[in-house]
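Shown next, in structure tokens, is the structure this report addresses.
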Ligand SMILES: [Zn+2]
């Protein structure tokens with residue numbers, strides 16, 4: 001699925017070619033694209049509209065049209081935009097004819113892509129406010145923001161940063177790459193990351209996205225440029241889709257695990273595996289180390305541990321760790 005760098009690549013290719021043009025004819029061949037709006041009413045709004053700006057919000061392409069109309073396009077799984085192809089490929093779902101003989105074709109074999117037309121900047125902002133969180137590379141994407149929205153969240157940090165309502169534009173590829181760069185295990189609960197870790201991850205997300213944009217996106221499946229060419233970021237992945245290959249940091253093999261139902265790639269050495277199980281997972285470790293520090297290790301057999309007075313110390317520890 002195209003993520004921020006892929007959509008930004010498309011945007012950078014389309015903007016100089018389409019801004020200032022006029023849509024002279026719009027044909028929406030797949031009614032699912034505009035659902036719940038009927039295609040005919042969207043076609044009527046598009047026809048005669050001037051393209052003022054081609055922007056992006058998260059994984060959406062945002063077409064600013066004349067008359068304060070906005071076309072919000074999402075490529076979802078397999079959507080591809082082609083400018084001036086020689087012929088319409090199979091699975092063409094939208095055809096936009098522009099002045100000076102240009103044609104933009106939206107192709108989507110899986111048909112999950114969408115195009116919503118909204119009227120007015122306020123409607124556009126409301127649409128995105130309900131769907132996407134802070135946008136990387138903007139002033140709102142701060143460590144403080146990430147700490148605040150992650151507070152108390154037990155979901156794995158990978159699921160958290162790929163949730164579009166938290167972080168706009170990050171998906172499976174760039175989450176793996178960013179977590180590896182930050183040295184953070186994808187299964188670590190989001191609410192348990194320290195401020196320092198969030199600061200590192202924030203920077204790593206932008207680094208991974210920037211590398212993807214520089215390589216003009218990753219074409220591991222359907223993603224193509226507007227002339228049908230492939231991106232090259234798939235050749236520069238550090239860990240994503242590199243199971244069994246050596247970690248670029250330490251040389252140990254990259255492993256594939258599953259997080260939130262998605263194939264996920266990690267170096268178990270550079271991204272330390274978290275101790276799961278909430279606060280209770282901390283207690284045995286603390287109790288095991290405490291007597292050891294006071295007395296030689298062999299003098300404290302494991303069966304003595306339950307005899308350690310529990311309640312006052314345990315509650316003290318809990319409140320300390322809770323306050324962290
Ligand atoms: Zn490693």
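Please treat every number below as a calculation from the coordinates, not as lab data. Note that the structure is predicted; figures quoted are calculated from it, not measured. Cβ atoms come from the backbone with ideal geometry, glycine included; neighbour counts cover every protein chain shown.
With the simple spin-label model, which puts each label point 7 Å out from Cα in the Cβ direction, the residue 25 to residue 243 separation comes to 4.9 nm. According to the Kirkwood relation over distinct C-alpha pairs, the hydrodynamic radius of the range 143-266 is 14.9 Å. Residues within the reach of a label modelled at residue 35 (point 7 angstrom out along Cα to beta-carbon, backbone nitrogen below 12 Å), restricted to the range 75-114, are 111-114. Using R0 = 45 Å, the C-beta based FRET efficiency linking residue 53 and residue 111 works out to 0.95.
Look at 267, 47, 250, 147 and count the other Cβ atoms within 10 Å of each Cβ; fewest to most, that gives 250, 47, 147, 267. Label positions at residue 221 and residue 257, each projected 7 Å from the Cα along the C-beta direction, are separated by 2.3 nm. All distinct Cα pairs of the range 217-262 go into the 1/r average, and the inverse of that average, the Kirkwood radius, is 12.2 Å. Taking a point 7 Å from the Cα of residue 44 along the Cα-to-Cβ direction, the residues of the range 55-94 with backbone N closer than 20 Å to it are 65-72. Taking other C-beta atoms within 10 Å as the exposure proxy, 106, 174 rank 106, 174 from fewest upward. The stretch between residue 229 and residue 214 holds 3.9 nm of extra length on full extension. This uses 0.36 nm per residue minus the Cα-Cα distance.
Expressed as a fraction of 2.2 N^0.38 Å, the C-alpha radius of gyration for the range 4-129 is 0.95.
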